[in-house]
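We did not get these values from a lab; they are worked out from the coordinates using the rules stated. Computed from a prediction, not measured in an experiment: that's the story for all the values here. Glycine also receives a Cβ, built like all others from the backbone with ideal geometry; neighbour counts cover every protein chain displayed.
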Amino acid sequence: MHPDWLGSPHHFLAAAVVAVTIVWLAPRVLSADRWLIAGLAVAVAMLGEVLVEVVEYPLRYADDPNLTAYYDTIADLTSSLAGGLSGAVAATLLRRR
């Protein structure tokens, strides 16, 4: 089994949507620098991804000792990080203060 870096576009898209939402909504309740909010957006997106992976592991891999979730998890986390960063940076640059 090897990592399928492009096999999880839903991880990229979900993280990007979460990051964009945080960047657009956070200034309504926080008075922080826009890049600090972008960092918060990436952190929230990655926290969500970690929770997804924690739930996914016992559902998909725990019963089959021949499967390893390592590469799948690494690829999913990488896709989510790329999506979160892309969404946060794009929304931060497009949002006018």
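Taking the Cβ-Cβ separation of residue 54 and residue 10 as r and a Förster radius of 25 Å, what is the calculated FRET efficiency to the nearest 0.05? Don't skip to the end; give the middle numbers.
Working: r = 17 Å, r/R0 = 0.69.
Between residue 54 and residue 10 the formula returns 0.90.
Normalised radius of gyration for the stretch 9-94, please: alpha carbon Rg relative to 2.2 N^0.38 Å, two decimal places. Intermediate values should be presented prior to the final figure.
Values: Rg = 14.8 Å, N = 86, 2.2 N^0.38 = 12.0 Å.
In units of the 2.2 N^0.38 Å rule of thumb, it is 1.24.
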